[in-house]
Structure formats: structure tokens, C-alpha cells
Amino acid sequence: MRIILDDVPWDHPAGAALRREQERETIERYGGDIEAGPKPSAEDVAAFLLATDDSGDAVGCGCLRRLDEDTFEIKRMYVAPRWRGRRIGGLLLRALEERARELGASRMRLETGAEQPEAMRVYERAGYRRIERYGPYVACEESICFERGLAGEPARA
């Protein structure tokens, strides 16, 4: 099986469908929409990556939102349930980091939730370290934040 990663427009139909799945799954997991801060949009997303298999089926996605001159935040990182456990999350992370480097970033940040241990394992395996909650997540008890510098080795899959 081969996974293809493409930078697509925010409103790409397959990407929009994956984002809806991610939102539904998150709301179900937390009993409601607890996302702190503004939701990503076409206006503030610098890159939106779509992962597809060799038959063209969408299997995952992730996007970048600029936080400051040196830092991008990973948003809407998602792998469809039937595709999990195949290291697609690691592939998406590496591709998002490469795209962020191309856009001049030297640091990545992200926020995930306390009820998403599988996501935390992906980030920790890739070399991300936990940090204090930042920005809109400071007051959100469910938020767990991570950071990784982009100098040196790429993220591990």
C-alpha cells in the first residue's frame, strides 16, 4: 500500500469530509465541542495536506496555521479509523514539518486532548515534547500541548 500526500485547498471535498469525521469523533469522545480558540479556516490555514491511498481514497489529513514568524501549529490532524495503526500519522507529521520548513518555520506546536492517548503516542514517538498550555488553550483543562523544534532530524514515523 502506498500513501500519497498532497497539499490541497481547504475546501477540497475529501478533506472537508475527513474534517467532519474528526469533529464528530471528537465531540462524541468529549461529550461536546470543547475546542478552545478559533477553528481553522481557509483564511488562516497556510497548508492543508490530504493523505490518500493508491486507489485515491482519503485516509487522513492535517493542516498548518501560523502562530508567529517562526512557529506553525498543527491543526485537524486526523487519520480515518480503519487506517489507524499503519503509521500514517507519522507520515503526515513529517510532511507537515517539511511544508512548515519550506514556509520558514523553525518550531511546531500542537494541542490535543486528554482523551486522545493514541494521538499523544504519535506525537511523542515523533519527538514532540509536552509543554505548558499556550494561547487559547491555557484555561482548557482537557488540553495537552506539544512542541518540537525543526532543526536537525525530521520527525520519526
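The values are calculated or read from the model by the stated rules, or taken from the named source; none is laboratory data. None of these values were measured; they are calculated from a predicted model. Neighbour counts are summed over all protein chains in view; Cβ atoms, including those assigned to glycine, are modelled from backbone coordinates with ideal geometry. To get the accessible areas, we keep the full protein, side chains included, count just its heavy atoms, and leave off ligands, DNA and RNA. Shrake-Rupley method; radii C 1.70, N 1.55, O 1.52, S 1.80 Å.
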Near-label residues of the stretch 30-51 by backbone N, under 20 Å of a point 7 Å along Cα→Cβ of Asp11: 39-50
Label-to-label distance, nm, for residues given as Val138 and Glu115 (7 Å Cα→Cβ offset): 2.6
Of all the accessible heavy-atom surface of the stretch 1-150, with the other protein chains kept in place and a 1.4 Å probe, what percent is carbon and sulfur? 47
How many nm is it between the label spots at Met1 and Lys39, if each spot is 7 Å from the Cα in line with the beta carbon? 2.8
Kirkwood hydrodynamic radius, computed over distinct alpha-carbon pairs, for the stretch 11-118: how many Å, to one decimal? 14.4
Note to self: with every protein chain in place and a 1.4 Å probe, the stretch 21-86 gives an accessible area per residue in Å² of 48
Length gain on complete extension for the stretch Arg129 to Arg20, per 0.36 nm per residue less the alpha carbon to alpha carbon distance? 36.5 nm
Overall dimensions of the stretch 67-121 as given by Cα atoms, namely Rg and Dmax in Å: 12.2, 37
Residue by residue, what Karplus-based ³J(HN,Hα) values in Hz, rounded to whole numbers, does the stretch 104-110 have, using 6.51, -1.76 and 1.60 with θ = phi - 60° and x for Gly and Pro? x, 7, 10, 8, 10, 9, 7
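Starting from the stretch 1-87, pick out the trypsin sites (Lys or Arg not before Pro) whose DSSP state is loop and whose Cβ has at most 11 other Cβ atoms within 10 Å.
On the way: sites: Arg2, Arg19, Arg20, Arg24, Arg29, Arg65, Arg66, Lys75, Arg76, Arg82, Arg84, Arg86, Arg87; in loops: Arg2, Arg84, Arg86, Arg87.
Taking the stretch 1-87 and a limit of 11 other Cβ atoms within 10 Å, the loop trypsin sites (Lys or Arg not before Pro) found are Arg2.
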Not counting the cut sites, what is the longest span of the chain without GluC sites (Glu not before Pro) that DSSP labels loop and that have at most 11 other Cβ atoms within 10 Å? 70-131
